[in-house]
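Quick notes on the structure that follows.
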Amino acid sequence: MLELSRIGSIGEAIRDSVVTHKDAVALIEADRHRENVRYTYRELREQAERFGALLQAGGVAPGDRVAILMQNQAKWIISGLGGLWVGATLMPLDYKLTSREQLALAAHGRPKVLVTEFSRWQDLRREPDIGTLAGTRVLVTEAPEGADLGQAERWEQPVAGAFTYVARNRDDVACIVYSSGTSGTPKGCMLTHDNYLEQAQILGKLFPMAEDDRFFSVLPTNHAIDFMSGFVGPLLFGAAVVHQRTLRPQYLRTTMKKYGITHIALVPTILKNLEEKVRERLDELPVWQRRAIDALTKVNEWLTARTPRPTLSRTLLKPLHDEFGGKLRLIFAGGAFIDPNTARFFYDLGFPVAIGYGLTEACTVATVNDLEPFRADTVGKPVPGVDVEVRGANEFGVGEVWIRGRTIMRGYLDAPELTAEALQDGWLRTGDLGLIDAAGHLKLVGRAKNMIVTEGGKNIYPEDIESNFEDLPGCEEYCVFAADYIWPTGKLTGEQLVIVVRPEAGEVADEELVNELRKRNRRLADFKRLSGYIVRSADFPVTASMKIKRNVLAEELRRLDRTSTIHPLSE
């Protein structure tokens, strides 16, 4: 059993594990049908210490920030581990953001070192704000021979000097993780070693792993879920982490088969896509075979009603399980609302889906369904050591969700006002609406604050998107909403973003304005793009300080018909 009570830091915990499991496989990196690298824990230690020595040779001291901007790969883990072992504070950055947004986060976080890929570095250098990194040491991976790197150095360069391990304390900040804030106000969550160790202890007891288990790291490692379940967690148990450089569905399935994946973490969009693929495969089967699988699924549903029975399920539905490698034992799902029908679909086929709820500010998971029994309609009970309250409940028991526990962040970097708003008397105000049922399970029903959570688990604040539409030609005012916030549908999936504009021309948005909306929309990261626009002729309601009263504006728009009010932005 995992026991971390006497451990001082994440780096120390993983360092102990590396020694214990030295001959086991630690990392596998695949690229389509080719295996790029495979490291044992002994080799992982050598690689991480080499990188740590490179950092120390460049003057990295305890508490200095090391930003990592890369897609999932072995070098991400090696860089992160090397950084932790020299006492640095990691700053994982989202590689799916635009280069301008990534530079804005770097300007806010002020890392001493940035680790990134050659292609991403080339994109960053084209930005006018590249001067943001003038005082930052940049280490670039996989740069072609003779390539112009500008101020950057090669990640793979020879290292002069020895590595020295640096111990850290539980109260030290381990990571600064950005939950939002690109062109708006950056929100860098300061998460301590104690936060992570407490979370690892909790999840390790609920969902233990073994040395021969293999976790498929599909979500970006900068994502709070994958950082814990696809980096820290498996390495603490001596399990292997598998990366796939391309995430095309056909290669994902191949990788799962080839490496016998046992665990995977997914956000709702990926889980939904997987469901569609499985249903398509089932629909292609002969009628007799489909009926047989349907009958066996019913049997499996009955036999696993109280608890998962993976071995039995794999026996009953072997052809389906073989499609996923034949060893998949657990799917972690979170980051946004999970469609209960999708979760139930996989569970009935013998793939247990552990639905959880949390925030970056709570170091990933605050509640989780323990699968005894499986329930698809909730996000589970509070995990041990975490308190959950619903405050200001209405007659239906629905109120705002507040969380307290040792996994709650220290605060937002350089943002005392935002910190004071989010943290009150040891409690984290989530801004999510929910209720606690008679069994102690939390049910989410919506969001109370401006933040929008996409099905891909991305946190988006309207202000982040709105700054991209400043000085729109022919526009007096504008405001971004989630369409379901204005016109609630009772669902938390398929959210669409819309922009409300007040044209100078009155009731009509002219061609120049619409074309500019489309042009700027294309520049946004795909998960931030607007699906439509709404034209409003009246002035927006504002406060005395001229801030838009979003709730009042939404209430006024709510009186209109959704279908006829939203104009598509597709071309």
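The values are calculated or read from the model by the stated rules, or taken from the named source; none is laboratory data. Given the structure is predicted, the values throughout are model-derived calculations rather than measurements. Don't worry about glycine lacking a Cβ; one is built from the backbone with ideal geometry, like all the others, and counts go over all protein chains shown.
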- Task: Could you list all residues from region 524-544 that are part of a helix (DSSP H, G or I) and out of contact with any helix residue (DSSP H, G or I) (no Cβ under 7 Å at 6 or more places or on another chain)?
- Result: 526, 527
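Residue-by-condition table, conditions (1) without any contact (Cβ under 8 Å) to a residue 40 or more places away in the chain; (2) in contact with a Cys (Cβ under 8 Å, 6 or more places away or on another chain); (3) outside the structural domain of residue 409 (by TED's automatic domain parsing):
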{"position": "161", "(1), (2), (3)": "no, no, yes"}
{"position": "164", "(1), (2), (3)": "no, no, yes"}
{"position": "167", "(1), (2), (3)": "no, no, yes"}
{"position": "174", "(1), (2), (3)": "no, no, yes"}
{"position": "177", "(1), (2), (3)": "no, yes, yes"}
{"position": "198", "(1), (2), (3)": "no, yes, yes"}
{"position": "210", "(1), (2), (3)": "yes, no, yes"}
- Can you tell me which residue in region 244-289 is nearest to residue 76 (Cα to Cα), limited to those that are modelled with pLDDT of 90 or more, in contact with a Lys or Arg (Cβ under 8 Å, 6 or more places away or on another chain) and assigned to a helix (DSSP H, G or I)? 259
- Message: Anything in region 302-341 that is in contact with an Asp or Glu (Cβ under 7 Å, 6 or more places away or on another chain) and buried (at least 16 other Cβ atoms within 10 Å of the Cβ)? List them, or say none.
- Response: 336
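Which one is farthest from residue 174 (Cα to Cα) among residues in region 321-368 that are polar (S, T, N, Q) and in contact with a strand residue (DSSP E or B) (Cβ under 6 Å, 6 or more places away or on another chain)?
Narrowing region 321-368 to residues polar (S, T, N, Q): 341-342, 360, 364, 367.
Filter once more, so that each one left must be in contact with a strand residue (DSSP E or B) (Cβ under 6 Å, 6 or more places away or on another chain): 360, 367.
Numbers: 360: 13, 367: 23 Å.
Top of the filtered list is 367.
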- Query: Within region 337-372, can you find the residues that are part of a loop (DSSP other than H, G, I, E, B) and not aliphatic (A, V, I, L, M)?
  - Reply: 337, 339, 350, 351, 352, 358, 363, 364, 369, 370, 372
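For every residue, the table says whether it meets (1) at pLDDT below 85; (2) assigned to a strand (DSSP E or B); (3) in the same structural domain as residue 563 (by TED's automatic domain parsing); (4) acidic (Asp, Glu).
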| position | (1), (2), (3), (4) |
| --- | --- |
| 456 | yes, no, no, no |
| 479 | no, yes, yes, no |
| 500 | no, yes, yes, no |
| 522 | no, no, yes, no |
